[in-house]
Number of protein chains: 4
Amino acid sequence: MNKYDNAEKKASKSERQEQHKAELEPIQDFHAEPNMTVSRFIDKVRHVGFQSVHLGKAVDIIKRMKQDNAKIFLTFTSNMGSSGMRGLFAQLFSLRFVDIAITTVGAIEEDIIKTKEKFYVGSFDANDLELRKQGINRIGNIFVKDTSYVKFEEIIQELLEDIYQEKKKLTPSQLVYEIGKRLQDESSFVYQAAKNNIPIYCPAITDGSLGYQLMLFKDKHPDFELDVIDDFKKLILESSPREKKGVIILGGGVAKHHALIANLINEGMDYAVYITTAREYSGSLSGATTREALSWGKLRSENAVTVIGEASILFPLIMTKVLNDLGFV
Amino acid sequence: MNKYDNAEKKASKSERQEQHKAELEPIQDFHAEPNMTVSRFIDKVRHVGFQSVHLGKAVDIIKRMKQDNAKIFLTFTSNMGSSGMRGLFAQLFSLRFVDIAITTVGAIEEDIIKTKEKFYVGSFDANDLELRKQGINRIGNIFVKDTSYVKFEEIIQELLEDIYQEKKKLTPSQLVYEIGKRLQDESSFVYQAAKNNIPIYCPAITDGSLGYQLMLFKDKHPDFELDVIDDFKKLILESSPREKKGVIILGGGVAKHHALIANLINEGMDYAVYITTAREYSGSLSGATTREALSWGKLRSENAVTVIGEASILFPLIMTKVLNDLGFV
Amino acid sequence: MNKYDNAEKKASKSERQEQHKAELEPIQDFHAEPNMTVSRFIDKVRHVGFQSVHLGKAVDIIKRMKQDNAKIFLTFTSNMGSSGMRGLFAQLFSLRFVDIAITTVGAIEEDIIKTKEKFYVGSFDANDLELRKQGINRIGNIFVKDTSYVKFEEIIQELLEDIYQEKKKLTPSQLVYEIGKRLQDESSFVYQAAKNNIPIYCPAITDGSLGYQLMLFKDKHPDFELDVIDDFKKLILESSPREKKGVIILGGGVAKHHALIANLINEGMDYAVYITTAREYSGSLSGATTREALSWGKLRSENAVTVIGEASILFPLIMTKVLNDLGFV
Amino acid sequence: MNKYDNAEKKASKSERQEQHKAELEPIQDFHAEPNMTVSRFIDKVRHVGFQSVHLGKAVDIIKRMKQDNAKIFLTFTSNMGSSGMRGLFAQLFSLRFVDIAITTVGAIEEDIIKTKEKFYVGSFDANDLELRKQGINRIGNIFVKDTSYVKFEEIIQELLEDIYQEKKKLTPSQLVYEIGKRLQDESSFVYQAAKNNIPIYCPAITDGSLGYQLMLFKDKHPDFELDVIDDFKKLILESSPREKKGVIILGGGVAKHHALIANLINEGMDYAVYITTAREYSGSLSGATTREALSWGKLRSENAVTVIGEASILFPLIMTKVLNDLGFV
């Protein structure tokens, strides 16, 4: 037994936080192959080093959390609803791959808009004053017409009136559920969530155009109420300390934090995958890694990885393999 | 008139979004000076190039928004309340430099804890499993004892009981105000805000330990209610389209978005300074620049700048100069 | 013709730098499919928005530069040679997909080491003092044994002796060629480059362990010389202003800048794809986008895109599709 | 002795890499003060948390390395020479605060240009096609006229002719020294380095406009030679294993790596301060932290810190305090 054999053992011991293998794996050369599937691609590229390694671990951990029947929380930020990831969210809900979703209200709004309107591929470098004159709003490199938001206002007031006839007091997640039920559009993730009984929590329900519409609606119907404390209780009761729990967290913000706090109260996550562009050096929760979660007891396991990168590429890549390998597609 | 004179004119025209000067300024060499004040430092370093230029513009714009009597919105993320920036927030409220604050609930919680407990300088590279064993929670490189959060639970339940005796239904910003009034600690920004009638909005009031405490409290007092729609209306009515409005946005998240949405409804900001580590390439609202805000009409002016960098250094630096130059300190 | 039709035209005009399409494309929902190939995956995901759009454009532009018979420059940083991307570089050279490579000396060194030694998948969070004791060097999450570098010293001195018998004065790229010829390992990109007559430029040839070995070698053989000025001339003459030229730039540093300067002297690139994690706000060349290259005349075309993200995932993803679609694999 | 006292001890033990204090320091609230000096500002802000803590440590370590008479290496990237940090570099050389400088050739070129020409404050959002038409080159938000580079070509050919009359063979650092001697401009850091016998190493001497000028010059004078191997030896001999050595590394690239390799060969740095915007997740040397340097033996001490942020603000801030506190200004 040489010096390095010792090194391997000790190094892997000192790193148990990130690594749960007894032996170090070699870095392997990647070669492109004809008609390579996404599944095989990830099996190969994960030995390249750097974030490709984390990509591979993310696939493993998501597969493991599903096979272990963990309650799965999926969180995402508003911009991801603006993007075509909306389709993947709808698919995950229709497949009942996840159990609980948490997001910000912009994602809900834009999912609703898309049941009637198109968004467009634009450019980060567009002249924003020009866009303003043309009635186009920019979300990174996605363009949305002013008139699409006008459409939203029409749709949502009708929906609120209809819901109000049934219930005058709801929690935010119940409101999203009631909206979803009424959308009748298979491409909508809000609809698919309602159809498949997957609750969508939205801890800052007024933080968007919906806030303004709710305000206008309540001016007409002062007895309309949203109970945020009851929604928090509902979220806490979605899982329990005894259950296995996993999270898939895309980006940061309150959607991320809400999943972590719910899991902390229930004694910690068993599986965690974060995909984010935020970095930890500013001390923000958005940039906090799965490692930091250990100190809090938010995480009670080594089945965790943070993949640094942009979700619009990485999440479809990961889920194409996971759904394929587990036979969901 | 030579070719370059033309270039200057045309270039400055094509850049009116970011630049409002008729002539290009030269880059100037920086030299350290004895006993240099922060104010003089920024006057000099702003000609260095790159983000130092934005630092100088941020100072100009904040001074201008104050001198123009704009309604000033200050937003910050939870981690900034965990840090010693808490003191600067308290100072800004006691000086009535800002008019409206928006944050996430973690900042409120940790301000309350700090009225009784200390936080510690730790390390980003700490062993989180070790910390867990020692009962220490990590926020970047800030360490907080488990027992400090236990203390929070005691304080908050007492405060809630006391508030409940007066009011059974509040908006989140009213709750924060009532908490603030009772803290009686000059170092607390929640207290200083209440004392100086500066509302603190918290669009995701349940997104933290407070959420759990509210839940427990409501189990005992089912008629206790928080009205988030009314709080949104209250926020919208803080300003109006006719008024001048400015924002100082530290970091991203719902705190940022809430300020933008409130200003959008009131026909746009006249002054905007963003300080952030988030970048725009992922299309997130957190990374969206002041330029993107133009397309939406969130911003109706050229008095805007995004400074890329970490607020724990940049915001104290900027405000030390602004408060000094305007005679607030 | 409605208002929006106008908007489309004007917006697309004002963005010709980034976009060369007459009409805005809609954002499209992504859905995972069974046995999805990488090629189909990219065809679908490119309509999602954000960096996925840039991913799709990168594929288009690389295909176009190849089909247009452009001289193709590939640049990469040292860490990419440390990773399993080495295999893809070797493949691209053996397929003669690229014409000129530029890198830093660490990539050459580690390619040579790998003809004899293995690198290992480690962890970013490893305890570096522990690793030091175990004789392991860390490159991000790649581990390399001290003894592997000792091996390098033996190999390189033999190679230098052998080359010196033939030539006492070389340019750095000639030295890399002579080393490559002697490696006789199909998995080595330095070997494949030599075998296929693809020059590898290394503008900072002493910036690594090789620098020290060259120094020791020259102590014994004072008439051994490396001519860096001649190598620059050789690089400039690789292409000409009349030729079509394309670059694929992974990461930043001198490898990136050297390709840009060579193309600038030859009146600009016709095709450019940058893949990088560096951002432009610091004014560094590493973070400079393809847009900035326009001002210099480094780029003379709209066939350019910057994809923000980590190359260990993105470059294999892109090239798997490009090589497949063009029939190279 | 309570549980937390134990925690403090163990936590600080487990973090010895980053922290060398026996007790955890409390986070302290920051307040702006009238006429606050930079020195007092940093004394206060360093207790705020996050990067402000690293800022404070950077000051301590640079003071310590100077007081300990360490050989001090300063490295910086090309863009920093383009910026007004040039003045601070000149000041540090004229004060003989540092002993050895390493940079890329763009910094040398632009320092030379600035002896005759002005650079201008521009905008990151400028229209680059417009700039191209106007003959303006963009470096982030710094604008440089085409004619300034034409001026460089005139100056450098004259300088090369003059140097060539004295010496036909030089190392790159000798060439920079000979250029510096001839500039006769107190504001130039290349001049101040020569005047004060501080060598400037430039491991990729051809990687810029100078490369082209050297090529043209050598076409006329084929016996003109630059010896890069001898320059590496000269660098290695600048210090020794027995000496104390410190580095101040601004940004990444070959300038950073060259300082590290030189120190590695001499058994490691005793003091290290990195200021960078690059992050470690891509495994690049540019993003590698001082912690990673431990595994290699590049660093042999705990006197090391990485400050994440943009050098155009942070480095002037740090050095204003260091020079002031040590009585250099």
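The values are calculated or read from the model by the stated rules, or taken from the named source; none is laboratory data. What you see is a predicted model, and the numbers here were worked out from it, not measured in a lab. Don't worry about glycine lacking a Cβ; one is built from the backbone with ideal geometry, like all the others, and counts go over all protein chains shown. These area figures cover heavy atoms from the full protein model, side chains too; ligands, DNA and RNA do not enter into them. Shrake-Rupley method; radii C 1.70, N 1.55, O 1.52, S 1.80 Å.
What to note about this one:
- Residues whose amide H falls under 5 Å from that of C:Leu299, counting only those 5 or more places apart or on a different chain, are C:Met269, C:Leu294, with hydrogens built in the peptide plane.
- Computed across the stretch C:228-329, the Kirkwood radius stands at 14.4 Å (inverse of mean 1/r, all Cα pairs).
- In this structure, the amide hydrogen of B:Lys245, modeled 1.01 Å from its nitrogen in the peptide plane, lies closer than 5 angstrom to those of B:Lys71, B:Asp270, B:Tyr271, counting only residues at least 5 positions away or on a different chain.
- Principal axis extents of the Cα atoms in the stretch D:118-157, from largest to smallest and rounded to whole angstrom, are 35, 18, 11.
- Computed over the stretch D:34-75, the ratio Rg/Rh where both radii use C-alpha atoms and Rh is Kirkwood: 1.07
- Cα centre as origin, Lys/Arg/Asp/Glu Cβ charges: the protein assembly as shown dipole, Debye: 0 debye
- For the protein assembly as shown, the convex hull spanned by the alpha carbon atoms encloses 163 Å³ per residue.
- Of the whole protein surface, A:Lys167 contributes about 80 Å² of accessible area at a 1.4 Å probe radius.
- 222 nm mean residue ellipticity, helices alone, for chain D (DSSP H n ≥ 4; -39,500 (n - 2.57); rounded to 500): -15000 deg cm²/dmol
- For the stretch A:159-212, the extents of the C-alpha atoms along the principal axes are 27, 24, 17 Å, listed from largest to smallest.
- Accessible area of D:Arg291 in the full protein assembly, 1.4 Å probe (Å², nearest 10): 20 Å²
- Debye equation applied to the C-alpha atoms of the stretch A:235-295, log10 I(q)/I(0) at 0.27 Å⁻¹: -1.21
- Relative contact order %, the stretch A:30-105, counting alpha carbon pairs below 8 Å whose residues are six or more apart: 26 percent
- About the Cα centre, charge dipole magnitude for the stretch C:26-137 (Lys/Arg +1, Asp/Glu -1 at Cβ), debye: 340 debye
- Backbone phi angles across the stretch B:128-143, fed through the Karplus curve with coefficients 6.51, -1.76 and 1.60 (θ = phi - 60°), yield HN-Hα couplings of 5, 5, 4, 4, 3, 4, 7, x, 10, 9, 10, 10, x, 10, 10, 10 Hz in residue order; Gly and Pro are listed as x.
- Surface burial for B against D, with a 1.4 Å probe and both sides summed, reaches about 6800 Å² of accessible area.
- In Å², nearest 10: area of C:Lys244 left accessible to a 1.4 Å probe: 90 Å²
- Rg in Å to one decimal, and Dmax rounded to a whole Å, for the stretch B:185-285 via C-alpha atoms: 16.3, 47
- For chain B, the per residue solvent-accessible surface stands at 30 Å², with DNA, RNA and ligands left out and a 1.4 Å probe.
- Reference-scaled alpha-carbon Rg (2.2 N^0.38 Å with N residues) for the stretch A:39-102: 1.27
- Annotation for the stretch B:88-103 versus the stretch D:245-292: alpha-carbon center distance of 40 Å.
- With a 1.4 Å probe rolled over the protein heavy atoms of all chains, the accessible area of C:Thr147, B:Thr206 falls in the order C:Thr147, B:Thr206, largest first.
- Think of each Lys and Arg Cβ as +1 and each Asp and Glu Cβ as -1; about the Cα centre, that makes the dipole of the stretch B:22-69 roughly 240 debye.
- Remark: relative contact order (the stretch C:138-290) = 18 percent; criterion is Cα-Cα distance under 8 angstrom and separation of 6 or more residues.
- Carbon/sulfur fraction of accessible area - chain D, other protein chains in place, 1.4 Å, %: 46 percent
- Coarse-grained scattering of the stretch C:273-329 at q = 0.15, 0.28, 0.31 Å⁻¹, given as base-10 log I(q)/I(0) from a Debye sum over alpha-carbon atoms: -0.53, -1.07, -1.15
- The stretch B:203-303: relative contact order as a whole-number percent, Cα under 8 Å and 6+ apart: 24 percent
- Placing a label point 7 Å from the Cα of D:Lys244 along the Cα-to-Cβ direction, the residues of the stretch D:25-63 whose backbone N falls under 20 Å from that point are D:56-63.
- A compact globular protein would have a Cα radius of gyration near 2.2 N^0.38 Å; the ratio found for chain C is 1.08.
- Sorted from nearest, the other copies put their C:Phe328 label points 3.4, 4.9, 5.7 nm away, the label point being 7 Å from Cα in the direction of Cβ.
- Rg over Rh [alpha-carbon atoms, Kirkwood Rh] for the stretch A:88-200: 1.02
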